[in-house]
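Below: one structure, written as structure tokens.
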Amino acid sequence: PPLRFDCFPLYLRYEPVFLQIVEFLRFSNSGMLTVAFLFVVVAGLREMGVLNYFGHHILGHAKTESRVLGRLAGVVLVLSAFTNNTPIVAMFVPVIIDCCR
């Protein structure tokens, strides 16, 4: 019993963290959490400049619109076979906007 009273201040300190974990556990579908996590990963890749590097590497040499679409389709087809399509769209929107400029 004394251990419970000793741990109570820690619970009060970290109560917001515990409540957030409980809120994540309430989701009935874990796929929604996976998509949310992938959006965080895409935001990190965009901020680090990785998407710009791959965008210029993949689409940089294409001269015509049909070649850009072909190269983009090839990459998106491979990625969509293994991951969810929504983060792939979020990942390639800034790349395509930079390519159009």
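The values are calculated or read from the model by the stated rules, or taken from the named source; none is laboratory data. If you're wondering where the values come from, they're calculated on a predicted model, not measured in any experiment. Quick reminder, even Gly has a Cβ in these numbers, built from the backbone with ideal geometry, and neighbours come from all protein chains shown. These accessible areas exclude ligands, DNA and RNA; they are computed on the full protein's heavy atoms, side chains included. Shrake-Rupley method; radii C 1.70, N 1.55, O 1.52, S 1.80 Å.
Backbone N atoms of the stretch 41-60 closer than 18 Å to the 7 Å Cα→Cβ label point of VAL78 belong to residues 50-60. Within the assembled protein chains, the solvent-accessible surface assigned to SER80 is about 40 Å², based on a 1.4 Å probe. Listed values for the stretch 52-61 are Karplus-derived 3J(HN,Hα) couplings in whole Hz (6.51 cos²θ - 1.76 cosθ + 1.60, θ = phi - 60°), namely 5, 4, 5, x, 6, 6, 7, 9, x, 8, and x replaces Gly and Pro. The stretch between ARG46 and THR64, if pulled fully straight at 0.36 nm per residue, gains 4.0 nm over its current Cα-Cα span.
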